[in-house]
Each structure stands twice: as structure tokens, then as C-alpha cells.
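Take a look at the structure below.
The values are calculated or read from the model by the stated rules, or taken from the named source; none is laboratory data. Every value quoted in this text rests on a predicted model; they were computed, and no experiment measured them. All Cβ positions, even for glycine, are placed from backbone atoms using ideal geometry, and neighbour counts span all protein chains on display.
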Amino acid sequence: MVRPLDRKLLRDLVRMKGQAAAISVVIGLGVMMQVMMGGLVNTLDETRATYYDRYRLADVFAPVVRAPNHVLARIAEIPGVASVEARVTGSALVDLEEDALPVRARVVSIPDTGVPRLNDFYLVQGRVPSPGRGDEIMLLNGFAKARDLVPGDRVDATMNGSKRLFRVVGLVESPEFLYTTAPGELVPDDARFAVIWMRRAALSAAYDMNGAFNEALVGLSRGGSADGVKAALDRLLDAYGAAGAYGLDMQMSNRFVSEEIKGLRVTSAVVPPIFLAVAAFLLYIVISRMVQAEREQIGLLKAFGYSSMEVGLHYLKFVVLIAILGAFLGAVGGIAAGRATAVFYQSYFKFPFLVFQLDKSSFVIGFLVSILAASGGSLFVLRGVFGLTPAVAMRPPAPADYSGTGQMPGWARRWLDQPSRMVLRRILRHPGRMAGSVIGIGAGMALSVTTLMMMAGFERAVDLTFDEIDRSDMSLTFVTPLAPGAVHALARQPGVQHVEPVRVVPAILRNGLNSYNGAVDGRVEWPRLNRVIGAGVQPIAMRREGIVLAEPLARILEVKVGDSLTIEVREGRRPVLEIPVIRIARTLLGAPAFMEIEALNRALKEPGRVSGAYMSIDGNQRDRLISAIKSMPSVAGVAQKEDARRALVELMNTGPGATRYIMTAVAAIIVFGIVYNAARIAMAERMRELASLRVMGFTRDEAGFVLLGELAIVTLAAIPFGLVWGYYMTFAMVAGFSTDIYQIPVVFSPQACGVAIIAVVVAALVSGWLVKRDMDRLDLVAALQTRE
Amino acid sequence: MDQKDKPITAFSVRGLTKTYGEGAAAVHALRGVDLDLPKGEFVVLLGPSGSGKSTLLNILGGLDRATSGTVRFEGQDLTKMSEAELTLYRRDHIGFVFQSYNLMPSLTALENVELVTEIADDPLDPAEALALVGLKERVQHFPAQLSGGEQQRVAIARAVAKRPTVLFCDEPTGALDSTTGRAVLQVLKDVNETLGATVLIVTHAAATAQMADRVLHFADGAIREEIVNATKLTPAEIEW
């Protein structure tokens, strides 16, 4: 037997289905975002961990120049080491006929028989090269897809200076190469960097590594210390030209994946709470309005003998039911949306499988916040219910008292007509509610301002990097450091206008306990083609007596100008240098350290050596230049700046970049939700006033002013607030997104502000129009007869 | 207006019907009303609840539309007017007083009156209008600070401040006690006499009829009886 009150509850729900649905949807969206983002981040984390685990990705990587195979046994004895694999890797150039420019590649050995003990691969298509077949290779699937290569195709590759024809037999994915970047570059690009797998015997022959290896991979035992193992490896392998062992945390592909997931985590921490808070606020105002409208029924129920508690519980149930319904819909939607986005990210990250992992806490938070928001509104319900005596409740309410807040200074009386005074006094009478609306709209707007400013920041980063910092057209690296004559030889090539030598050496930079496994970039005194810039955009000169650090590097190492830095060079005679920091440079990609090229060479006792060069060229002679460079065996790789720029823009616009557009849409929905709800409620509350105005002979537009004027003021007040909030929130978001791989500048973008303002104004206009349309249809007689 | 002796017709209603809903569920609120209301009279429309008297008032006041028939006001047919024309008609000629006073809670008594005088062509001075209803001392009070009778008097002041041709009152004393009710009726009488406005009061309080020039008895959507009072009582004399 359903109790009559519960039956009323159900009928009320059906009667108010529109409004109930609207509130449920707002709550649902908040919960959905929470569940979706939480689930997505967890799924990606879990999938990555499982992928690494299943394909035995190494924990520590130790590159060396050349170490004999028997050293491997000694590595296995290091405490904390669970498994060891030795392999041969090398750089190569892949020559695809379609493209004039050769593509840089990394060649990786697989054991002559069986599968690798560490860093296994996932065969997508084809087969593994047959043992003993030196001409068979497997390619990284992403590169093959980008270049339309399939098993059976033949490619030319130059390894260690000699060019050979290879046959592609398989395409693979590897947890080691989720993102691929050419050495020294920071922008991942599937099309411009290849990974080649081949049998170790053939690769050893090509790189003179018979009986030796040049990279040791180490898997840690449970509880094994990565730092301890790295230190032991560095000591053990020092004699064999160790470049410095590094952990998974510094492995390039893993760092990119980590940064992406970290960015998602920042987004998931910022966006859903704002949404839920807005939902809570909407629920609160809608419910407090409902009690007002139902006061007559409340009085009636009490007159029948229901206790305040019973009546209060009745309304509490109503509200909590809506909240739970919304939260439930949101949870279901969140799971579905989380799966859909996870599938999208699966292909983005090239995971061969997905491990769905829901974030249980996001459900708890979602339900809890929804119900708390509903209960907050119900406190109002209870207060209203307990405060009403049946007799009072069944009389029309006394007019709202404006005597306290309605006083106006003389100037206001002179300047404002009566409708304007009505608008103003209402705002003054409900400052809390108005402030809530302003904060809510401001929050939505701040979200879109932040999003748009971050996009502007990305664009600024691209422009700064490729217009202000890198002004070259092409860069090139040599197989081994060359004598200065190489620069002159380059300058004589067709179309070359200017050549700027560089000397890059791998190095470990240390300051006390802080260290960074990076490189020192030797530059000419006044670099012109690839500049080093300061906090403004002014160029910084290289000086012999010190080192210039990129800002993120200085932050990691906790050094400032004047401090001394220990630099362990991992090349040549491997000197250890003590050098003062003389400047902090602004960079947006990577965390480099710069020295004057000759000072660096002197420290290495290799005067005049260059490892690469930046060039400006005559675009008309590009093809001739490329074919000339292709015939130079000393060149390990060539990169065109425009390719890198395109890849970076693409990286920012696809995948996680797309979530920024979603966030803008979400912001618009929030603004629309608040403005529309505020307008609807204002209209419901003032139906009688509006009808009275119309009866007195006010036109529709004149009466509309009284309603919409309030909305306009709230919206206009929210705009500057949203702009300022958004600007400061950008700093927080940017700090969350910036890493030592890339930094996003905070750009105050008038354009972003303009777009956000337009979005808010359009949302307000549309809401206003919708409400005005209903108002114009108002049945004057009915409106005057309804008892408030 | 020099035709003082000949009563000029304010409204001329012919064959007026109003039906809500359709088919079997149709409610016939007005079933063919014919009526001529002279200008400047004090008219009381009596009838039980649901007899259609408020519907008639709403149609005459331009708040509702007839299903069929004509309503002529100073020669113009209200049933042919557009929404905008009806708005202008209300603005220029009509004052309304309702049982629930419908004041703007956010405006003071004076401002509530000014709300109307701002958009009227030749209005009374708002303070004067409030003086007319005996509220000279309470002009700066907000509705919440006024009693029910005072609020109704503000509503009347607001309705008459535009110097309306016709003042429609729907149960103006319905929510008031007898003393306050009499005072309100006195104000309406004064307005009728000093401003020359036609006053049409809809009520089911039969006693009110004793002060009218003309009494219309309404039942089942039509006028059943029309009485012209030879002698009228003052509001003070009415048995409540």
C-alpha cells in the first residue's frame, strides 16, 4: 500500500518532470564528468602499467659505447637486479623514394632466437625476422602507417655509413616507443622517426658490435632501488663509455605518456568540481523556489494533521530522489563516456589493449556531492515547512519586505524610472542569490577563459619556439663530431645561406642531491639561427666563463645565477666540470643547458669540433641541397623546421588537445544552465508582477525589461569577474600542464576574453529570448489568479 | 464634452460569448451577453461564483478575448484589436483593481503610483492620487509596511492616477473586513464622482449593490436582471 504522501510525491515528480529532469541532467553532467575523467585517468594508468608489465619494459636503461658480452653476468649480480638484457642499438637513415629527405631511425636488436627478455614487442602484422636473415626487419607500426608501408615492402636504410636494401616482414607496437622522437628533438612525430627491429647478429655486424653490446636493459626485483642500481651500473660500465644509466621516469616515450596522463589528471581535478558546485547551486535555488510555490499545500497538509517532520521528510524525499536519479544517470553516462574516451585514447597512445578501471572514489564523491547539494536545498525546505502555520500558509504570502534594502539615495531616484528601481531593489534584496548567480556564471566563464587562454598560450609557445628562438630552416646532425672544416663544406652546398655550428654532448648535471640526465648544448657566442632568449624575448650571448640554464632545468636543479654546477660529460674523455650559472634562459620545449661552443670543446680537449649545424637556406634550392646532403655519409640526420612545427601543432590539436574544445563547450553549457535557470525562476516568482504590469498597460517589451534587466545586470557583473578568475586560474592550470618537456606561457589574450564574453552574452541572450517568449505567451488572467 | 444630459455609452456589448475548452469538456462562461453601459456610472455586477462575471470584466478590460460577439468601446470594436492595440487601450483608458492588490513589493506606495503615471498621457499627480485615497501620510512606505486596506487603496490610487475612462474592480473588498471594505468603497465612489470615471465592480456581496447607479444580476453566463437604483445608499449606510 503506497502512502498518500508518497503517491503525491510520485505525481509531483511526474507533474514537474521537466524541471526535475533539468535538475537531474545538471547533476548528472557533473557526476558524469567526475566518473568519466576519474575512470579515464585510472584506465590509462592501469593500461600503461599492464602493458609495461606484460611486455617486460625495462626499469633501467644503461647506454654505453661498447661493452663486451661477459659484463652482462656482472650486471646480473648487482643487488636489486632481477633480469638483464643486452642489445645493440644504432641510428640509421631510412630513404623512402617518395620523400627527398631521409628519415631518421633507431635500430634495435632482438635476440637471434626467441623473444627479448626485456622490452618485448607486440606483433601487429606479419612475422618476426627469420634467424640468420640479416635483410629482414620489422618496423614500428605508427611509422609504417604514416608512411603507408606494409610487410613485403622494401626500404633503403643507411646504417653506420653503408646503405642497404631491407625487406619489411612485420609491423610491431612497443611499450618503449608509444611516442617517438628523433634524438635531440622533443616533438613526437610518427612520420619523421622510424624504429627498426632486426636480429642481433646482423645488427652487430653493421655496427661492429660482434661479441659486445651498447645498451643494457635492467628489470628490477621487487623492492629493488632504481637509484642504487643506476649508481652501480654507472660504476660498472664507466670503463665502457657509460652515458649514464637512467630510469623509466626519464625514458622519453614514458615521459610523454606520463605528461599526458598528468594533464588529464589536472583537468579532472579542476573541471568536475566546478560542474558539481554549479549543479548544487542550481538545485538549491530551484528547491527554495519550490517551497515558496508549495506553501499552500504545506499548510493544507499540516491542517490535515501531518506533522512538520512528516511534511519535511516528504519534500526531502522529493529532492533526494531527483539528486539520486541525476547521480545515477551521471554514473551510468560517465561509465559509458569514460569507455568511449578511453577507446579514443587507446588508439592515441597506441596501446594494444585497454584495462578498464573505474575510479571508485569518483562515484562516491559524485553521489555524495549530489545528495549534499540536495540536502542543502532541503534544509531550506525544512526551515520553510517548520516555519509555516497552516493558517498563514493558506493565505497569500505577505508582500516581500523591501523597506530595509529598498532605500535609495536622491540621485538614484532622480535618474531611475520605476521599472529600473524594481530591478535594482530586487537585486539588493537577494544579494546572496545574485552573488551565487554571478559566481556561477563567472565560474563557467572562467573555465572557458582558462581554456582559451591556454590555447593562446600553446600558440604563443609554437610561435616563440619557431619564430623567435629557432630561426633556421634546417638542422642537421653528424654521425660523429667533425672538424671545423665540415661547417665550411656545408656552407658551400647549393642554397645554403648561413651555417651555425653546434656541439651537443650528453651530460649529467648535478647540484647537490639534484641531478638531471640531459645534454650540454655548445653554441656560438651570438647564436643567430637558433637563439637563446631571456625572460623577455631579448637574445642571450654565450660567454666562456659560465653556463646558461633553461628555466625548468634551473628549477629542477634548484640553482640560481651565480651558483656553481657540476657537469659530468658522458662523451670523449668524459671530463667533470665545475661551472657557474651565468644566466637563466626562457625555453618552451625541453630543458637544455647552453655553453659557449669553444669553451665546451676546450673542456673536452677537442677544439673546433662540431656535432651538428643549423642552416638558413634558399627555399628555391631545397631539392638540390637535400640531394647533396643525402650523398654526405657524415650526416646522421636532417630535420626541417616546418615539419617540427607542423608536428607540434598537430600534437596540440589532436588527442588531449581536443579536450580543450570540449571544455569550452562545457563552459558554455554551464553559463547557459545558470542564466536560463535564473531567468526561469525569476519569471516564475514574478509572474504576478509581470502580469500586473501588462494589465496596467505596459507593453511586452516594457514588462520584459523588468525581468530581463535583472538578468542583464547579473550577466554583466559576472563578465569582469569571470575574466579575472579565468586569468588567475590559467596560471594554476598551466603550472599543472607544464613540465620539463614543454612549458606553456600564460598569455593574456584579448581574443580569448572576447570569445568568452561573446559566449556568455550569447548564452544569456538565448536564455533571455526563451524566457521572454514564454512571458509573451503569459495568460494575464491566469497569472493574476494564481496564488503565490 | 458638452452633451452632459444625454448619457454617452462607454461600452456597447452584443451577443458576447466565451467558451473555454472544446467538445464535451467545453465550459460556456458567457452565453450571449447584450449590454450598454453609460459613461460615468457606478455599476455593480452581481452573481454567484462561476457565473461568468469575472470573464465579462476581463473581456471588457482587454485582458481576455471573446469567442464571438462584439464589444464596442467609444466606437471601436475590442474584439478586432491586436495584442498591441489592446495594450494601448489598457494603458490609455482602463484601470484595474483586484481582490489581491497586486502591488509591486519592491516599490513604495508613491512609486507604485508613479509606475503608471510615467506611462500615462495626462495623469494625476501621484501624491494627489494617494491623497484622494487617504494615504497622504504613507507615500514612502513599501507594501509590506501597509495593512491590507491600505494596500488596496494604493492599488486604487494606482488605477485612477492615469484618469481612466473606466475603472474595473474585481472583488475589491473580498479580502477586507467591513470597516476597511466600506472605506475602500467610499474611495471608489469618490473616484467616480470627482474624476467622472465609469466604475464597474464585480462582486458577490449583494450589499454593495445598494450604492450603485445600476445593478446587473449575472447567472449562468448571461445577464438575468438589470436594475437602475432610484435611491442609492452611501457606503457607510450599507449593511455589510
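Numerical summary
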{"quantity": "Qualifying positions in the stretch B:221-236 - among the hydroxyl-bearing types (Ser, Thr, Tyr) and either under 19 Å from the mean Cα position of the chain (by Cα) or part of a strand (DSSP E or B) (or both)", "calculated": "B:234"}
{"quantity": "Residue count, the stretch A:565-580 (criterion: touching a residue at least 24 places away in the same chain (Cβ under 8 Å) and touching a strand residue (DSSP E or B) at 6+ places or on another chain (Cβ under 6 Å))", "calculated": "11"}
{"quantity": "Per-region count, the stretch B:34-67, residues without any contact (Cβ under 8 Å) to a residue 40 or more places away in the chain, away from chain A (no Cβ under 13 Å) and under 13 Å from the mean Cα position of the chain (by Cα)", "calculated": "0"}
{"quantity": "Members of the stretch B:207-240 that are surrounded by 15 or more Cβ atoms within 10 Å (Cβ to Cβ) and charged (D, E, K, R)", "calculated": "B:213, B:214"}
{"quantity": "Matching entry among A:671, A:747 (being aliphatic (A, V, I, L, M), away from chain B (no Cβ under 14 Å) and more than 25 Å from residue A:26 (Cβ to Cβ))", "calculated": "A:747"}
{"quantity": "Residues located in the stretch A:687-745, provided they are assigned to a helix (DSSP H, G or I) and polar (S, T, N, Q)", "calculated": "A:692, A:715, A:730"}
{"quantity": "Yes/no for residue A:144 being of a type in the set (A, V, I, L, M, F, W, C), part of a helix (DSSP H, G or I) and surrounded by 19 or more Cβ atoms within 10 Å (Cβ to Cβ)", "calculated": "yes"}
{"quantity": "Of all residues making up the stretch B:37-63, the number that are over 12 Å from residue B:216 (Cα atoms) and either assigned to a strand (DSSP E or B) or of a type in the set (Phe, Trp, Tyr) (or both)", "calculated": "1"}
{"quantity": "Inter-residue pairs, beta-carbon under 7 Å, first within 10 Å of chain B (Cβ to nearest Cβ) and assigned to a helix (DSSP H, G or I) and in the stretch A:412-433, second polar (S, T, N, Q) and surrounded by fewer than 21 Cβ atoms within 10 Å (Cβ to Cβ), 6+ apart", "calculated": "A:425/A:405; A:428/A:405; A:429/A:405"}
{"quantity": "Residue count for the stretch A:517-530, restricted to those that are out of contact with any Lys or Arg (no Cβ under 7 Å at 6 or more places or on another chain), surrounded by 20 or more Cβ atoms within 10 Å (Cβ to Cβ) and of a type outside the set (Asp, Glu)", "calculated": "5"}
{"quantity": "Strands (runs of 3 or more DSSP E) contained entirely in the stretch A:41-105, each with at least 1 residues that are closer than 26 Å to residue A:475 by Cα and at pLDDT below 95", "calculated": "A:60-68, A:89-95"}
{"quantity": "The one condition in (1) under 15 Å from the mean Cα position of the chain (by Cα); (2) within 14 Å of another protein chain (Cβ to nearest Cβ); (3) of a type in the set (Phe, Trp, Tyr) that residue B:20 fails to fulfil", "calculated": "(1)"}
{"quantity": "The one condition in (1) at pLDDT 85 or above; (2) away from every other protein chain (no Cβ under 14 Å); (3) surrounded by fewer than 22 Cβ atoms within 10 Å (Cβ to Cβ) that residue A:665 fails to fulfil", "calculated": "(1)"}
{"quantity": "Unique residue being closer than 30 Å to residue A:671 by Cα, surrounded by 21 or more Cβ atoms within 10 Å (Cβ to Cβ) and within 43 Å of the chain's Cα centre (by Cα) when the list is A:465, A:450", "calculated": "A:450"}
{"quantity": "Residue A:583 in contact with a strand residue (DSSP E or B) (Cβ under 9 Å, 6 or more places away or on another chain), free of Cβ contacts under 8 Å to residues at least 60 places away in the same chain and within 27 Å of residue A:632 (Cβ to Cβ)", "calculated": "no"}
{"quantity": "Residue in the stretch B:175-203 that is farthest from residue B:142 (Cα to Cα), counting only those that are under 14 Å from the mean Cα position of the chain (by Cα) and part of a loop (DSSP other than H, G, I, E, B)", "calculated": "B:196"}
{"quantity": "Conditions (1) surrounded by 15 or more Cβ atoms within 10 Å (Cβ to Cβ); (2) at negative phi: number failed by residue A:495", "calculated": "(2)"}
{"quantity": "Among (1) out of contact with any strand residue (DSSP E or B) (no Cβ under 8 Å at 6 or more places or on another chain); (2) within 13 Å of another protein chain (Cβ to nearest Cβ) - the single one residue A:729 does not satisfy", "calculated": "(2)"}
{"quantity": "Residue among A:658, A:647, A:684 that alone is out of contact with any strand residue (DSSP E or B) (no Cβ under 8 Å at 6 or more places or on another chain), aliphatic (A, V, I, L, M), at pLDDT below 85 and within 30 Å of residue A:783 (Cβ to Cβ)", "calculated": "A:684"}
{"quantity": "Spans of helices (runs of 4 or more DSSP H) in the stretch A:553-664 with at least 1 residues among the hydroxyl-bearing types (Ser, Thr, Tyr)", "calculated": "A:622-630"}
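Residues checked against (1) of a type in the set (Gly, Ala, Ser); (2) surrounded by fewer than 17 Cβ atoms within 10 Å (Cβ to Cβ); (3) without any contact (Cβ under 8 Å) to a residue 60 or more places away in the chain:
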residue: A:705; (1), (2), (3): no, no, no
residue: A:714; (1), (2), (3): no, no, no
residue: A:728; (1), (2), (3): no, yes, yes
residue: A:731; (1), (2), (3): no, yes, yes
residue: A:738; (1), (2), (3): yes, no, no
residue: A:744; (1), (2), (3): no, no, no
residue: A:748; (1), (2), (3): no, yes, no
residue: A:754; (1), (2), (3): yes, yes, yes
residue: A:760; (1), (2), (3): no, no, no
